[in-house]
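Notes follow once the structure below has been shown.
The values are calculated or read from the model by the stated rules, or taken from the named source; none is laboratory data. Just so you know, these numbers come straight off a predicted model, no measurement behind them. Backbone-built Cβ (ideal geometry, glycine too); neighbour counts: all protein chains shown.
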Amino acid sequence: MIKPNESPLVEKNAQKVGDAKYERFVEQFSNLKNDLIKRYLKSTKKNFDSQLEEEDFYMNHVWSFDIGLEFDNAGLVAFTAFNRCNASIAANKDLWKEGMKYVAINSNSIDKKKINKLEIEELASILVQYIDDGNQLADGEDANLATQKALKEKKERSIPIEICRTVSDLTEFVSKLEDPSINGLCKYLHNSAKQNDQSGLKNVWAHALEKMEGIRGYAFALASNFTKDLMLWWASYENMSFQELRDDVIGQTNKPDVHVKRMLCLISQPWLFEALREIHADYNNFAENDAQKILSLCDESGDWKNYYYKIVNSLCGKAGIAPLELDRVLYGLMSGNISDYGTEVKIQKPTLDELEIILNKTS
């Protein structure tokens with residue numbers, strides 16, 4: 001037992017949970033998955049005519065990845081900017097995706113076979129021309145002109161130049177690989193994960209994430225998101241089946257998203273439901289820092305990341321699922337964002353009380 005004392009939410013004891021505690025997770029995951037499906041049907045006013053239709057929907061929610069880009073070198077450049085805009089910066093990821101695709105197509109540094117480093121000067125110059133031609137990188141005329149000005153002046157620490165630096169760093173990294181292409185990058189990251197898996201490492205993507213964190217702007221969360229989505233995109237391009245994905249190291253990709261962190265805490269530390277109510281908080285008031293604090297208190301090393309991968313592996317082992325499935329079900333249910341064959345569908349998220357019922361429900 002460890003007594004946390006830094007937050008009113010964690011006044012009680014965060015317990016180190018043994019594997020026996022996870023026995024119920026098989027049933028809990030089934031309940032969470034079924035609830036996600038029910039909420040999807042209610043939101044879309046659909047019905048599944050067969051078990052096969054339901055399974056097909058579930059598989060597509062877990063592993064489909066489609067952002068309207070070709071899986072090629074130009075697509076990688078566009079995807080890199082798109083992912084960078086997933087951070088809490090004031091930038092429209094779809095506009096930047098299209099802008100960077102234009103850059104890659106019109107750059108002398110990118111062709112179908114090889115990626116060379118895109119220098120900031122070239123990136124900024126092509127994007128300025130892109131805006132001159134009547135295109136947008138920001139919502140609204142004033143914001144678009146401000147973006148163009150920042151690019152012209154190469155204004156340090158401005159959002160446009162920060163995005164350009166991320167793209168430049170990524171292209172430089174890929175240019176040094178044995179196969180300097182999108183396929184070469186995927187194979188490089190995939191081989192790293194396979195080697196870690198064979199070595200028995202709990203976080204098989206640790207080395208790949210470390211490499212991606214070296215890209216400017218790609219801290220741990222964005223590096224995780226980039227790696228997960230890139231590998232799903234590659235799996236789709238390679239026509240990998242759902243079972244193949246489950247068995248492959250790609251099935252072990254997952255992003256330590258705020259919803260997944262919260263849910264891991266609530267699953268492993270059920271006293272948190274009452275603790276939240278005692279401070280008049282709901283699910284959305286469960287701060288990410290508090291979730292990380294609780295996870296760290298459960299680990300002997302005091303490292304929340306270490307315990308995160310430990311508990312993910314334990315839960316998934318008990319339920320016979322891939323970490324990617326856990327990630328997508330928990331994120332989909334608690335964020336309210338469902339992927340329906342590449343189209344985003346909004347569902348009504350469960351309340352804290354409803355969630356407690358779902359986790360405690362028995363067949």
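Numbers for the structure displayed
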{"item": "Residue within segment 111-118 that is of a type outside the set (Lys, Arg), at negative phi and assigned to a helix (DSSP H, G or I) present", "result": "no"}
{"item": "Segment 120-144, residues that are in contact (Cβ under 8 Å) with a residue 24 or more places away in the chain, out of contact with any Pro (no Cβ under 8 Å at 6 or more places or on another chain) and in a loop (DSSP other than H, G, I, E, B)", "result": "135, 136, 138, 139"}
{"item": "Subset of segment 87-117 (residues that are surrounded by 19 or more Cβ atoms within 10 Å (Cβ to Cβ) and among the aliphatic types (A, V, I, L, M))", "result": "91, 95, 100, 103, 104, 110, 115"}
{"item": "Lone qualifier among 59, 100 - being in contact with a Phe, Trp or Tyr (Cβ under 8 Å, 6 or more places away or on another chain), not assigned by TED's automatic domain parsing to the domain that holds residue 334, not β-branched (Val, Ile, Thr) and not in a loop (DSSP other than H, G, I, E, B)", "result": "100"}
{"item": "Residue among 275, 193, 206, 281 that is more than 30 Å from residue 56 (Cβ to Cβ) and within 20 Å of the chain's Cα centre (by Cα)", "result": "206"}
{"item": "Candidates 324, 295, filtered to the one that is touching a residue at least 24 places away in the same chain (Cβ under 8 Å) and under 17 Å from the mean Cα position of the chain (by Cα)", "result": "324"}
{"item": "Single unsatisfied condition, residue 147 versus (1) assigned to a helix (DSSP H, G or I); (2) modelled with pLDDT under 95; (3) not aliphatic (A, V, I, L, M)", "result": "(2)"}
{"item": "Odd one out for residue 138, checked against (1) small (Gly, Ala, Ser); (2) touching a Lys or Arg at 6+ places or on another chain (Cβ under 7 Å); (3) crowded, with 20+ Cβ neighbours inside 10 Å", "result": "(2)"}
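For every residue, the table says whether it meets (1) free of Cβ contacts under 8 Å to residues at least 60 places away in the same chain; (2) in contact with a strand residue (DSSP E or B) (Cβ under 7 Å, 6 or more places away or on another chain); (3) among the charged types (D, E, K, R); (4) not assigned by TED's automatic domain parsing to the domain that holds residue 353.
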{"position": "261", "(1), (2), (3), (4)": "yes, no, yes, no"}
{"position": "280", "(1), (2), (3), (4)": "yes, no, no, no"}
{"position": "284", "(1), (2), (3), (4)": "yes, no, no, no"}
{"position": "287", "(1), (2), (3), (4)": "no, no, no, no"}
{"position": "305", "(1), (2), (3), (4)": "no, no, yes, no"}
{"position": "309", "(1), (2), (3), (4)": "no, no, no, no"}
